[in-house]
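**Q** What follows is a structure written as C-alpha cells; I'll ask about it next.
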Protein chains: 2
Amino acid sequence: MAREHVVRPIGVVRSAVRSLEEAPKQGALAGTEAEIVVDPAYAEALIGLSGRIRPAQEPAAPGEGHRGSGKIVVLCWMDRADRGRLKVYPRGQEDKPERGVFSTRSPHRPNPISLHTVELLEVRGNVLRVRGMDAIDGTPVLDIKPHSPGLDG
Amino acid sequence: MAREHVVRPIGVVRSAVRSLEEAPKQGALAGTEAEIVVDPAYAEALIGLSGRIRPAQEPAAPGEGHRGSGKIVVLCWMDRADRGRLKVYPRGQEDKPERGVFSTRSPHRPNPISLHTVELLEVRGNVLRVRGMDAIDGTPVLDIKPHSPGLDG
C-alpha cells in the first residue's frame, strides 16, 4: 500500500513515572503534573500556545512565562510498543476475548502513536507544564495541537 | 534529540473531496460520509470496533457487517504538508499575526499527523464508513482508536 514516512520527535515527556510497571492505565493520572520539553529548534512553533483564557491582568507574552487554561492534545511515540500485535486482551484481562488493537487504546499497534488530552498549566520558554499526562518519563513527543471541543469532543 | 521512527500507513481515506482546493477547513464536513479502507493485512486489528451501542436486535458479528454508533479517532498522515513551516497565519488570514503551528490545527507541522474524530457508521469487512472525515481522497491512515469522552473530551 502507501509508502513509509519518517517521524522525528519534537520533544520529550518529563514525568515522575519512570517505568511501564509504574505507569497506570490511561486516564488514571488525571491529577498528575508532568513537563513536555520541546527541542529548542521547534520553540517558535509554540508561539500563541496557551493563554486562550488568560486573565486580563496577565498580558500576552506568547510562548513565554504566562499561564494558560486551555487543553492541548499531545501525540507521543510509544517506543516500547509491540508493533506486530494486532490483537490484545483489553486492559490485560485474559479472561475476556481478545480484541483488535484498533478497537482499544492499547500501546501495541502498527503505528504506536498515543493521544493525550491534557490541561496546559504553563508555558515557560520551550517547556510546557501539563496535568493529566499518562506517559512515562522519556517518551518522545511528535506533535502538539490545541484541543477543540468541537472537533475532538 | 531522540531518534527517528518510521510510520507505515495501515489504510487510506476514500472521499468525494479530491483536492486541497475542495477541502474545507476542519470541522466543516460534519455531515459528509467517507470510507476508510484498511489494508487487508491489518483487518484483524478491527475486531471489536463499532457496535458499542449496538441495538439488541443486531447481534454482535465483530468487524463484519454490523452497524455501530460510536465515535472513533482516525490519525492520518498529511503527505502534502510543509514540514519546515513553524509559523502560519491561522485559517490563512494574513491580516492576523502569525502563530506557531503547535497552537493551530494547520496541516503544516514537523510531523504532519492529523486527528479526526468521526462517527463510525458501519464496518464492512476491512472498510469503515464514517461521517465527518475532513481529509482528501487518498490520504494515508496511520491509526484508528475508539474515542473516549473521558480521555479525549
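The values are calculated or read from the model by the stated rules, or taken from the named source; none is laboratory data. Here the structure is a predicted model, which means the values were calculated and not measured. Note: ideal-geometry Cβ built from the backbone for every residue, glycine included; neighbour counts use all protein chains shown. Areas reflect the complete protein model, heavy atoms only, side chains present, ligands, DNA and RNA absent. Shrake-Rupley method; radii C 1.70, N 1.55, O 1.52, S 1.80 Å.
**Q** Whose amide H sits under 5 Å from the amide H of A:GLY11, counting only residues 5 or more places off or on another chain, with H placed in the peptide plane?
**A** A:ASP39, A:VAL141
**Q** May I ask for the accessible area buried between chains B and A, both sides summed, probe 1.4 Å, to the nearest 100 Å²? Present the calculation step by step, with values, prior to reporting the outcome.
**A** Numbers: alone 9710 and 9700 Å², together 14000 Å².
Buried area between the two chains comes out at roughly 5400 Å².
**Q** 7 Å along Cα→Cβ for the label point: how many nanometres lie between A:ARG83 and each equivalent label in the other copies, listed shortest first?
**A** Spelled out, the distances from A:ARG83's label point are 1.4 nm.
**Q** Which length gain, in nm to one decimal place, applies between A:ARG3 and A:TYR89 when the Cα-Cα distance is subtracted from 0.36 nm times their residue separation?
**A** On the way: separation 86, 0.36 × 86 = 30.96 nm, distance 3.00 nm.
In short, 28.0 nm is gained.
**Q** Run through segment A:104-153 and list the trypsin sites (Lys or Arg not before Pro) located in a DSSP loop whose Cβ has at most 10 other Cβ atoms within 10 Å. Numbers along the way, then the final one.
**A** Numbers: sites: A:ARG105, A:ARG124, A:ARG129, A:ARG131; in loops: A:ARG105.
For trypsin sites (Lys or Arg not before Pro) across segment A:104-153 that sit outside H, G, I, E and B with at most 10 neighbouring Cβ atoms in 10 Å, the list is empty.
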